[in-house]
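The values are calculated or read from the model by the stated rules, or taken from the named source; none is laboratory data. Quick caveat, the model's predicted, so the values are computed rather than measured. Glycine also receives a Cβ, built like all others from the backbone with ideal geometry; neighbour counts cover every protein chain displayed. Just so you know, the surface numbers come from the protein's heavy atoms only, side chains and all, with ligands and any DNA or RNA stripped out. Shrake-Rupley method; radii C 1.70, N 1.55, O 1.52, S 1.80 Å.
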Amino acid sequence: MKKKYLLLIIFLYLIPSLEGLTLKVRYADHPDFTRVVIESYTAFSYQIYTTPGKIDVVINGNFTFGIQRKKVHSRILKEFYWEKNGSNTIFKVILKKDRFTIDYFTLINPFRLVLDIKELSSPVIPELEGKGAGGISNLNRGIRYTKTIIIDPGHGGSDRGARGPSGLLEKNVTLAIAKELKSIIERNLPVRVVLTRTEDINISLEDRASIANNQKADMFISIHTNASYRKSAHGSETYFLSLHASDEETRRLAYFENNSDKLEDEIFPENAEDIKLILWDLAQTSYLKQSSQLAETIQNELNYLLGTTNRGIKQAPFKVLSNVAMPAVLIEVAFITNPEEEKKLSSVKFQRQVALAIFRGIINYLKSTEVK
Amino acid sequence: MKRKERILLISLFIIVCILIILIILSLKTEKIKVSREVTQTYFPNIEETTEKREVTIFFPSEEDSLLYPEAREIYLTPSLIQQAKQVILELIKGPENNHLPTLPPTTKLREIFITNDGTAYIDFSKEIYQQHPGGSEAEIISIYAIVNSLTYNFPQIKRVQILIEGLEKETLNGHIDLTKPFSPRFNLIASNKEP
């Protein structure tokens, strides 16, 4: 590993010093994102920094671009320019909109750095936009079917969750963010919000799911803070359920997905309870698509808030999500094991920002589903 | 009469005292026996064969949330369970290269069972969750380090279920469901990632 890295560094150091290598840039608008591609004959290492309306691509090495500054005709891009900064070359992308998310990856032969930029629609939220008349009525169609939202503050009581290096406890942070989110939603939307716990008490994962199912809720949002063996681990992640895809279960699942309507009519009364139990066990499976959309709209907002650029939507077999019969996600707001993020998580201001970001995500999700 | 009564009473008292002391002592020795059983360390006896084989086990790295391979040599025992035990013990022992541990080093491997249909049950001591940092990322990485390390090296093992102190446990620390067996997720291995 190390050798490779060293070679790469030497390689990067030698080539550009011979002549400032020229990088090619191209871009294209796609239906829901805009792609910018930086192409090079040699691989380069880079870092990407975002601020509202601006992307800085710091390329390590002495490179040049064809033109100093270029106006761009695109839905979201405004212009490109670049400058030298010591041994780095900074390529700047100016956008027409402040709010966006970015996804990036590299391809080889030739080496290309690909940036996929997606505009974030700004939801109309009365609280955020002053008077904002008509905000709610615009949303009315979207929230017609949404009556109850469950917020699940992770851990609690003797289960304190993860612990930060200076002693911050996950159970306290999750409850604070959940309470803030509840009050923001209730101030802005005509829906009922139920917390699975409102104080520092133990609640089993099964009970959390039961509360949601018994309330016949339309959305389940579990709030956690992440922990890792990696000291540098940082950023938000939003999870939705992945099944334990054992072969047997996949077959069973396929059977139920294909036959669940028929099944309800065909079961004999004495077996009804068994079948229901099995369906309950797979409660989340029929909502996976909606759950993934909800995860994406929330994660986009959290990325924007934290300035993180990875996608951060992940799938794993979470116990608490598996029994929930509604769109459900689990948010790992930030890493409590990272000293910097621990500090942020302990501040009331940041907790409120996180709650607002999740709220924006919920609104965007509701808007996207209103067509149905 | 009175003297005789007194002597009787005193001797009775002494007898009762001796009985009580005996009972207390026997209780204590029983307790000691019990606690010895509980704190007994689990050292799976691995047969030391002359032939060895190379295995690949997976550890997290500071770099990202993926798993990185490390090579180890284990005894090529005729028993698959013994080979699997050696892989898990290496995982508990921790990384040799620049990687990070993924299981608390105090964790003990209690037993491994493998069913005919290829499900391996790995029974750990309680330290696996008590000393664990918690959090989704750490849980996912710990679980799939175990699952991938076993399924990668032993094609006979198709899925892995984790037991703790001989029992099924809901989760390590409130996140990933341990009540069902895990299939491998090789997309969590760093080298399998697209360049």
A:Ala233 within 12 Å of chain B (Cβ to nearest Cβ), open to solvent by less than 10 Å² (accessible area, probe 1.4 Å), touching a Pro at 6+ places or on another chain (Cβ under 7 Å) and closer than 27 Å to A:Pro339 by Cα: no
Pairs, first in the same structural domain as A:Ile363 (by TED's automatic domain parsing) in the range A:168-186, second part of a helix (DSSP H, G or I) and open to solvent by 30 Å² or more (accessible area, probe 1.4 Å), C-beta under 7 Å, six or more apart: A:Leu168/A:Ser346; A:Glu180/A:Arg352
Leading residue by the ranking (surrounded by the most Cβ atoms within 10 Å (Cβ to Cβ)) among those in the range B:86-99 that are more than 9 Å from chain A (Cβ to nearest Cβ) and assigned to a loop (DSSP other than H, G, I, E, B): B:His99
Among (1) over 26 Å from A:Tyr304 (Cβ atoms); (2) without any contact (Cβ under 8 Å) to a residue 12 or more places away in the chain - the single one A:Phe105 does not satisfy: (1)
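Would you say B:Thr102 is part of a loop (DSSP other than H, G, I, E, B), farther than 21 Å from B:Leu66 by Cα, assigned by TED's automatic domain parsing to the domain that holds B:Ile57 and open to solvent by less than 20 Å² (accessible area, probe 1.4 Å)?
no
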Failed condition for B:Ile128, given (1) at pLDDT 95 or above; (2) more than 28 Å from A:Gly235 (Cα to Cα): (2)
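Taking the residues in the range B:105-118 that are under 15 Å from B:Ile164 (Cα atoms) and open to solvent by less than 20 Å² (accessible area, probe 1.4 Å) as candidates, determine which candidate is nearest to the other protein chains (Cβ to nearest Cβ).
Filtering the range B:105-118 down to residues under 15 Å from B:Ile164 (Cα atoms) leaves B:106-113.
So of that shortlist, the ones also open to solvent by less than 20 Å² (accessible area, probe 1.4 Å) come out as B:107, B:109, B:112.
Numbers: B:Thr107: 14, B:Leu109: 20, B:Ile112: 19 Å.
The qualifying residue nearest to the other protein chains (Cβ to nearest Cβ) is B:Thr107.
So that you can scan it fast, the table gives a plain yes or no per residue for (1) within 18 Å of A:Ile331 (Cβ to Cβ); (2) loosely packed, with under 14 Cβ neighbours inside 10 Å; (3) modelled with pLDDT of 95 or more:
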position: A:Asn109; (1), (2), (3): no, yes, no
position: A:Val114; (1), (2), (3): no, no, no
position: A:Leu120; (1), (2), (3): yes, no, no
position: A:Leu128; (1), (2), (3): no, no, no
position: A:Gly132; (1), (2), (3): no, no, no
position: A:Val173; (1), (2), (3): yes, no, yes
position: A:Leu181; (1), (2), (3): yes, no, yes
Residue check, A:Asn226 more than 13 Å from chain B (Cβ to nearest Cβ) and modelled with pLDDT of 90 or more: no
Candidates A:Leu321, A:Leu302 - the one that is within 13 Å of chain B (Cβ to nearest Cβ) and outside any loop (DSSP other than H, G, I, E, B): A:Leu321
Selection count where residues are modelled with pLDDT of 85 or more, β-branched (Val, Ile, Thr) and in a loop (DSSP other than H, G, I, E, B), scope the range A:43-74: 1
Evaluation of A:Asp261 against (1) within 12 Å of chain B (Cβ to nearest Cβ); (2) at pLDDT below 95; (3) assigned to a helix (DSSP H, G or I) (one fails), failing number: (1)
Positions within the range B:128-175 being part of a helix (DSSP H, G or I), at the interface with chain A (Cβ under 10 Å from one of its Cβ atoms) and among the β-branched types (Val, Ile, Thr), in sequence order: B:Ile140, B:Ile141, B:Ile143
Test: residue in the range B:71-85 that is open to solvent by less than 10 Å² (accessible area, probe 1.4 Å) and closer than 18 Å to B:Pro133 by Cα: no
Every residue from the range A:343-372 that is free of Cβ contacts under 8 Å to residues at least 60 places away in the same chain and small (Gly, Ala, Ser): A:Ser347, A:Ala357
Listing of strands (runs of 3 or more DSSP E) fully contained in the range A:166-246 that carry 2 or more residues being among the hydrophobic types (A, V, I, L, M, F, W, C), over 11 Å from A:Asp152 (Cα atoms) and under 19 Å from the mean Cα position of the chain (by Cα): A:237-241
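Matching residues to (1) modelled with pLDDT of 95 or more; (2) in contact with a Ser or Thr (Cβ under 8 Å, 6 or more places away or on another chain); (3) of a type in the set (Ser, Thr, Tyr):
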residue: B:Asn98; (1), (2), (3): no, yes, no
residue: B:Asp123; (1), (2), (3): yes, no, no
residue: B:Tyr144; (1), (2), (3): yes, no, yes
residue: B:Phe154; (1), (2), (3): yes, no, no
